[in-house]
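What follows is a set of notes on a single structure, which appears directly below.
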Amino acid sequence: MTDKTVLSEQHDGWWEITLNRPDRLNAFTGELHAELRAALEGAIGQGARAILVTGAGRGFCAGQDLTERKLPEAGEKPDLRHFLHTRYNPLIRLMRETRIPIVAAVNGVAAGAGMGFALAADIVLAARSATFIQSFSKLGLVPDAGSTWIVPRLVGPARARAMALTAEPVSAEKAEAWGLIWKALDDDKLMDEARALTAKLASMPTVGLGLIKQALDASEHNELNRQLDLERDLQYQCGHTADYVEGVTAFREKRDPKFRGE
Ligand code: T3D
């Protein structure tokens with residue numbers, strides 16, 4: 001037993017990070033934010049080549065812990081900006097800016113900022129029983145944790161607006177059909193597949209994968225000519241890696257490559 005709100009387990013080149021407040025569906029508190037940031041930064045700092053994030057118990061993450069905030073008395077004006085500025089925004093930036101691939105295994109409901117957290121991962125797998133909920137509108141809030149940016153880009157404006165305005169749950173299977181996530185899996189297969197995928201990513205050319213993330217992120221705002229130039233420049237960098245040499249050599253020698261992440 002542990003009272004840690006985030007568990008971090010090292011494997012061969014990859015880390016599994018688990019939100020651990022199962023009785024609160026892993027809702028975010030200040031403590032959980034701090035432990036999650038430390039776990040992600042620790043894994044990256046110790047040379048992780050891939051990271052898996054998931055939730056303990058029956059939920060993935062129910063967003064902000066709604067019992068943590070002191071509600072304002074008459075006349076008081078709380079500053080919710082502070083919590084986005086110091087907690088959610090740095091978390092989403094860290095996940096999007098790291099060159100290490102992150103897989104999310106959404107084992108149950110992902111609501112509010114918990115959905116934004118899941119979608120900040122590079123590849124999102126979900127159990128068929130999981131649901132995705134933009135629950136903010138029920139509280140008089142706007143979607144945060146990057147949701148107003150990523151959801152319309154993934155599913156288009158019509159679905160993004162309806163999700164945000166109605167707060168209706170979207171099933172994992174519909175999320176897959178819409179392109180919100182990569183794959184919905186049978187509940188009992190989720191963690192095995194997520195771990196196998198993360199281990200596979202950790203054995204791939206790490207520098208190249210990081211540059212793929214960079215290229216796809218940049219394409220969100222680049223026009224074609226700029227993106228073509230970027231592809232040229234990133235390919236130049238790839239050509240200097242040992243993994244590029246290993247990949248081509250292994251192909252020519254008709255054997256499996258052994259990438260070192262360099
Ligand atoms: O303040 C700021 O920083 C602003 C930023 C906000 C970012 C946000 O994320 S706002 C959105 C916050 N999240 C929500 O609004 C979701 C609230 N939860 C729910 O709507 C439901 O729990 C779910 C739809 C996610 C799941 O429903 P269900 O029926 O499967 O489970 P449940 O019975 O509602 O929840 C189980 C327990 O977890 C329950 O506790 P209990 O009754 O057994 O003692 C419930 O209170 C607790 N729980 C669920 N979500 C939260 C929570 N406790 C605290 N905070 C939660 N977000």
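The values are calculated or read from the model by the stated rules, or taken from the named source; none is laboratory data. Keep in mind the model is a prediction, meaning the values are calculated, not measured. In this analysis, Cβ positions are derived from the backbone assuming ideal geometry, glycine residues included, and neighbour counts consider all displayed protein chains. Surface areas here come from the heavy atoms of the whole protein model, side chains and all, with no ligands, DNA or RNA. Shrake-Rupley method; radii C 1.70, N 1.55, O 1.52, S 1.80 Å.
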Exercise for review: With respect to Leu19, determine if the residue is within 16 Å of the ligand (Cβ to nearest atom), free of Cβ contacts under 8 Å to residues at least 60 places away in the same chain and at negative phi.
Suggested key: yes
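Sort through Gln10, Gln64 and tell me the only one that's more than 16 Å from the chain's Cα centre (by Cα) and under 25 Å from Ala199 (Cβ atoms).
Only one candidate passes the filter, namely Gln10.
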Review point. Is it the case that the range 18-26 has a residue that's closer than 23 Å to Lys200 by Cα, part of a loop (DSSP other than H, G, I, E, B) and at pLDDT 95 or above?
Key: no
Practice item. Looking only at the range 186-195, decide whether some residue is farther than 29 Å from Gln10 by Cα and of a type outside the set (A, V, I, L, M, F, W, C). Key: no
Exercise for review: Within the range 156-199, count every residue that is within 15 Å of Leu125 (Cα to Cα) and in a helix (DSSP H, G or I).
Suggested key: 20
Review point. How many residues does the range 238-262 hold that are over 26 Å from the mean Cα position of the chain (by Cα), in a helix (DSSP H, G or I) and not acidic (Asp, Glu)?
Key: 9
Practice item. Give the residues of the range 178-201 that are open to solvent by less than 50 Å² (accessible area, probe 1.4 Å) and either at pLDDT below 95 or in contact with a Ser or Thr (Cβ under 9 Å, 6 or more places away or on another chain) (or both), sorted by residue number. Key: Ala184, Leu190, Met191, Ala194
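Name the residue that is farthest from Ala196 (Cα to Cα), counting only residues in the range 123-134 that are surrounded by fewer than 24 Cβ atoms within 10 Å (Cβ to Cβ) and near the ligand (Cβ under 10 Å from one of its atoms).
Across the range 123-134, the extreme among qualifying residues is Ile133.
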Revision key, fill the gap. In the set Leu25, Leu52, the lone residue that is away from the ligand (no atom under 16 Å from the Cβ) and either under 18 Å from Met115 (Cβ atoms) or in contact (Cβ under 8 Å) with a residue 12 or more places away in the chain (or both) is Leu52
Review point. Mind checking whether some residue in the range 97-107 is open to solvent by less than 50 Å² (accessible area, probe 1.4 Å), assigned to a loop (DSSP other than H, G, I, E, B) and touching an Asp or Glu at 6+ places or on another chain (Cβ under 6 Å)?
Key: yes
Review point. What about Ala74, is it of a type outside the set (Asp, Glu) and closer than 30 Å to Ala194 by Cα?
Key: no
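Every residue, every condition in (1) within 16 Å of the ligand (Cβ to nearest atom); (2) surrounded by fewer than 18 Cβ atoms within 10 Å (Cβ to Cβ); (3) closer than 16 Å to Ser129 by Cα; (4) free of Cβ contacts under 8 Å to residues at least 24 places away in the same chain, yes or no:
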residue	(1), (2), (3), (4)
Leu139	yes, yes, no, no
Pro143	yes, no, no, no
Thr148	yes, yes, no, yes
Arg153	no, yes, no, no
Pro157	no, yes, no, yes
Arg161	no, yes, no, yes
Val170	yes, no, yes, no
Glu173	no, yes, yes, no
Glu176	no, no, yes, no
Revision key, fill the gap. How many residues of the range 202-237 are open to solvent by 30 Å² or more (accessible area, probe 1.4 Å), in a helix (DSSP H, G or I) and farther than 14 Å from Asp122 by Cα? The answer is 14
Revision key, fill the gap. Residues of the range 200-231 being among the basic types (Lys, Arg) and over 27 Å from Trp149 (Cβ atoms), in sequence order, are Lys200
Point to revise | Inter-residue pairs, beta-carbon under 9 Å, first among the basic types (Lys, Arg) and in the range 113-130, second not in a strand (DSSP E or B), 6+ apart | key: Arg128/Ala172; Arg128/Glu173; Arg128/Asp186; Arg128/Asp187; Arg128/Leu190
Practice item. Taking Asp65 as meeting all but one of (1) open to solvent by 70 Å² or more (accessible area, probe 1.4 Å); (2) touching a residue at least 40 places away in the same chain (Cβ under 8 Å); (3) farther than 30 Å from Ser203 by Cβ, write down the number of the exception. Key: (1)
Practice item. Give me a count of the residues in the range 188-241 that are more than 24 Å from Gly47 (Cβ to Cβ) and of a type in the set (A, V, I, L, M, F, W, C). Key: 5
